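I have placed the structure first, in the form of structure tokens, so that the comments after it can refer back to it.
The values are calculated or read from the model by the stated rules, or taken from the named source; none is laboratory data. What you see is a predicted model; the values in this text were computed from it and never measured. In this analysis, Cβ positions are derived from the backbone assuming ideal geometry, glycine residues included, and neighbour counts consider all displayed protein chains.
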Amino acid sequence: MTGTPYELVIGIETHVELGTESKMFCGCQARWFGAPPNTLVCPVCLGLPGALPVPNRRAIELAITAGLALHCETPPHTKFDRKNYLYPDLPKGYQISQYDLPLSVKGWLELPTGKKVRITRAHLEEDTGTLKHGEDAGRRYTLVDFNRSGVPLLEIVSEPDISSAEEGEAYVRTLRDVLIFSGVSEMRLEEGAGRFDVNVSIRFQENGKTMWPPQSEIKNLNSYQALRDAVAYESNRLWEEWRSGGDIRTRTGKITVGWSPERGRTYLQRSKEDVEDYRYFPEPDLVSLAPSPAMIAKLREALPEMPSERRARFVAVYGLSDYDARLLVSDRALADYYEAAVKAEPGQPKLIANWVIGDLTAALKRETIQIGASRVGSEQLAALVRLIGGGKVSGSAAKEIFGEMWKDGGDPEAIMNTRGLAQVSDESAIAAAVDEAIEANPGAVAAYKAGKTIALGALVGAVMGKLGRKANAAVVNRILTERLA
Ligand SMILES: [Zn+2]
């Protein structure tokens, strides 16, 4: 990284809620966000005595799918372990997780820059409940909601291959794209369905020696901005602590910090001395897992094309710019819509892309709706583009037709006919209008003939005015320049 006297070394642990119907070890609904507190609970996810967990097959399949999408190996044997700790949001006093035999190991994720970040492992666990702090008549209280307790959670751990806050952001954005594309998670960050623990350390030369003091783990970041800001703050803080001769010079282990976006700073949660000992041991209520090669092959088969591959294909096959391809692929449903339109009108991939990225995306944004709710279907958009490509409507008339289609669906050709928007390409009609315009604008004609080519615009405008702006602009231009030559 330029501009700093140190090199940044970053590894990221990403927690992702899997997109299952039910929770990890019980039948309660997994989509907890927004539900009234403690309404999605049962004896299992409340940790009541005697309740036994039953693994969610779909969660295991999705976890393996995520590993495959990240080019991981799926070891033949895995198991669940108990991670013991006491916290009010953890009803059992332990979390069922995976310790030494995770579901996926040794993968990688390619960033848009082409850099590959290695994935150490991805393991399956259950989410905790949530706490709500409040104050009433001067007395502080905390409420606990177990709706999130037991929601399947995948933890994806990267190697410390990331070397700037921007690269960290690119990593989590790309990871999110891959997980959404492969159907593993919707990863709604605003609902807490994706959280990041970021390990930050600094490395530099001092007196001819490479110094690499212990890292800080920034816990529970839940937005791209928080990640950027927290990494920038903490790396600088580590450097200042080193320079001022602080604890970091003698510390032997990492510290854990939280991030306060309000104050724009990190705060200490735990130092090495009180880092917990989780006393992991194999979960006695569950058998070990051995995903069969047939099951893995089936999941691999079902993997869709990944965003980076799709982007490259859009550039190579449809001739799109990398920028346009990236915009389309940023949303799987939008990319699907685009390809459906191209399938309906294969001759115009670039023009279709322009409409999808331009007028259609603008209309979606205006109403803050997703492409799935678009009132203009992919086949209708293709039909509109066919009218433009075939010279039947001008660009400006097409925009008017699109506006009508957006209001209440409707067939573009029918709208063109009822509103009289068909483009006039009839040469004799255009030639007559050109002659009239020349006759009526002697000043512009003289100026044009004197070399002021800009005067042609006034004449084109006059012709268009006569033909109700429906004339084929290319034909108008051609006939005008012929007549004036
Ligand atoms: Zn439950």
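Of note:
- A residue that is at pLDDT 95 or above, within 16 Å of the ligand (Cβ to nearest atom) and surrounded by fewer than 18 Cβ atoms within 10 Å (Cβ to Cβ) occurs nowhere in the stretch 71-83.
- Flag if Tyr323 is aromatic (Phe, Trp, Tyr), in a helix (DSSP H, G or I) and out of contact with any helix residue (DSSP H, G or I) (no Cβ under 6 Å at 6 or more places or on another chain): yes
- Per the listing Ala333, Ala325, Ala312, the residue uniquely in contact with a Gly (Cβ under 7 Å, 6 or more places away or on another chain) and under 25 Å from Met187 (Cα atoms) is Ala333.
Each row is one residue, and each column tells you yes or no for (1) of a type in the set (S, T, N, Q); (2) crowded, with 18+ Cβ neighbours inside 10 Å.
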residue: Tyr278; (1), (2): no, no
residue: Pro304; (1), (2): no, no
residue: Ala316; (1), (2): no, no
residue: Ser321; (1), (2): yes, no
residue: Asp331; (1), (2): no, yes
residue: Ala373; (1), (2): no, no
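- Filtered by the rule that a residue be more than 13 Å from Val200 (Cα to Cα) and surrounded by 13 or more Cβ atoms within 10 Å (Cβ to Cβ), the stretch 222-246 gives Asn222, Ser223, Tyr224, Ala226, Glu241, Trp242, Gly246.
- Leu299 satisfies every condition listed in (1) in contact (Cβ under 8 Å) with a residue 12 or more places away in the chain; (2) in a loop (DSSP other than H, G, I, E, B) except (2).
- For the stretch 26-42, the criterion of being small (Gly, Ala, Ser), touching a residue at least 12 places away in the same chain (Cβ under 8 Å), under 15 Å from Pro152 (Cα atoms) and within 16 Å of the ligand (Cβ to nearest atom) is met by at least one residue.
- Taking every residue in the stretch 354-365 that is touching a residue at least 12 places away in the same chain (Cβ under 8 Å) and pairing it with any residue that is in a helix (DSSP H, G or I) and among the small types (Gly, Ala, Ser), at least 6 positions away or on another chain, the pairs with Cβ-Cβ distances below 8 Å are Val356/Ala341.
- Across the stretch 380-416, the number of residues qualifying as among the aliphatic types (A, V, I, L, M), at pLDDT below 90 and surrounded by fewer than 16 Cβ atoms within 10 Å (Cβ to Cβ) comes to 0.
- Applying the criterion of being in a strand (DSSP E or B), among the acidic types (Asp, Glu) and away from the ligand (no atom under 16 Å from the Cβ) to the residues of the stretch 107-161, the residue that is nearest to Ser97 (Cα to Cα) is Glu155.
- Qualifying residue in the stretch 123-134 (condition: free of Cβ contacts under 8 Å to residues at least 60 places away in the same chain, at positive phi, assigned by TED's automatic domain parsing to the domain that holds Phe25 and not hydroxyl-bearing (Ser, Thr, Tyr)): no
- For the stretch 108-131, the set of residues classified as under 20 Å from the mean Cα position of the chain (by Cα) and closer than 22 Å to Ser292 by Cα consists of Ala122 only.
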